[in-house]
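Report on the structure given below.
The values are calculated or read from the model by the stated rules, or taken from the named source; none is laboratory data. All values derive from a computational prediction rather than experimental measurement. Note that we place each Cβ from the backbone using ideal geometry, even for glycine, and neighbour counts take in every protein chain shown.
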Amino acid sequence: MPDMMKLDYGHVVTISSLAGFDGMCGFTDYCASKFACRGFAESLRRELEHTNIKSTVVHPFVINTGMFHGTNTPKGLWKIFSSLLTPDYAAQEILNGTAMGQIRLVLPLRGYILPAIGEMMPWWMRDILAKKSFGLKEGGIKDPRKNAVQS
C-alpha cells in the first residue's frame, strides 16, 4: 500500500465470499472472517476515494479448490443462485472484474440476487433461503477442518 500511495496508482483485490453476506451454521469463524473482508474492502475503498487506487471485493460461492472437499451444491431450482465454481472460472472473472474496475464482484454472476433478496426478507424467510441456496439440506458445504479435529 505505501508503494501504491507513492505512485497514486494500484488496485487492491479482497477475496471475501457469499458467506460474507449471511452466516452459516457450523461456519461461524469462516463467516466472521468473510464479513471482515467485506468491511475492510468497503472501508478501504472509501479511504482511497480521492486517489487513483482502486478496490474490488470478490464474493464467490464455493470454489472447487479442495478447501471444502465433499461439499454438495444446491439441487433443482436453487442451482440458479449458486453452483460449485472452477478455479479457472473464478480467476478469469476476478481478472475481468478488476480490469473493468468493478467495486463488488459476486460469483457466479447470477448470484448477485441472493444478497439483494436476503436483505429485504424477514429473518425466518432468510433462514429458509440460506438453507436452500447453500444446499444445506443436501449435506451442504463441508468443512474438512471439522473432521480433522474429531479424528
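Exactly one residue out of G111, G10, G39 is touching a strand residue (DSSP E or B) at 6+ places or on another chain (Cβ under 9 Å) and at pLDDT 90 or above: that is G10. Filtered by the rule that a residue be more than 11 Å from the chain's Cα centre (by Cα), touching a residue at least 40 places away in the same chain (Cβ under 8 Å) and in a helix (DSSP H, G or I), the range 1-29 gives M4, M5. Set side by side, the residues L95, L77 differ, and just one is of a type outside the set (F, W, Y), at pLDDT below 85, surrounded by fewer than 19 Cβ atoms within 10 Å (Cβ to Cβ) and assigned to a helix (DSSP H, G or I), which is L77.
Taking the criterion of being of a type in the set (A, V, I, L, M, F, W, C) and either part of a helix (DSSP H, G or I) or touching a Ser or Thr at 6+ places or on another chain (Cβ under 6 Å) (or both), the residues of the range 80-92 that qualify are I80, F81, L84, A90, A91.
Counting the residues of the range 20-55 that are more than 21 Å from T98 (Cα to Cα) and either in contact with an Asp or Glu (Cβ under 6 Å, 6 or more places away or on another chain) or not polar (S, T, N, Q) (or both) gives 10. On the stretch given as the range 1-39, residues that are aromatic (F, W, Y), over 21 Å from A90 (Cα atoms) and surrounded by 15 or more Cβ atoms within 10 Å (Cβ to Cβ) total 1.
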